[in-house]
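Engineer: This is the structure I want to talk about, given as structure tokens.
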């Protein structure tokens with residue numbers, strides 16, 4: 001994500017990159033990080049670095 005910080009990443013892509021079979025787990029965690037200001041939600045299940 002740091003290599004292209006302006007790009008929006010879909011939770012499904014992040015899950016695949018991390019090797020997590022259930023993308024919902026990643027989306028829940030990303031939502032928590034959005035709450036803490038570490039990520040920004042740019043669309044449905046789509047995130048970018050804050």
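Engineer: So, of the residues in segment 34-50 that are free of Cβ contacts under 8 Å to residues at least 12 places away in the same chain and over 11 Å from the mean Cα position of the chain (by Cα), which turns out to be surrounded by the most Cβ atoms within 10 Å (Cβ to Cβ)?
Structural biologist: Out of the qualifying residues, it is 35.
Engineer: A further question follows. Going residue by residue through segment 18-33, is there one that turns out to be over 10 Å from the mean Cα position of the chain (by Cα) and at positive phi?
Structural biologist: Within segment 18-33, one or more residues are over 10 Å from the mean Cα position of the chain (by Cα) and at positive phi.
Engineer: Select from segment 1-18 the residues that are closer than 16 Å to residue 34 by Cβ and assigned to a loop (DSSP other than H, G, I, E, B) and list them in ascending order.
Structural biologist: The answer is 1, 5, 8.
Read-outs throughout are calculated quantities, based only on the coordinates presented, and are distinct from any laboratory measurement. Keep in mind that what you see is a predicted model, and the values were worked out from it rather than measured. Please note: Cβ atoms are built from the backbone with ideal geometry, for glycine as well, and neighbour counts cover all protein chains shown.
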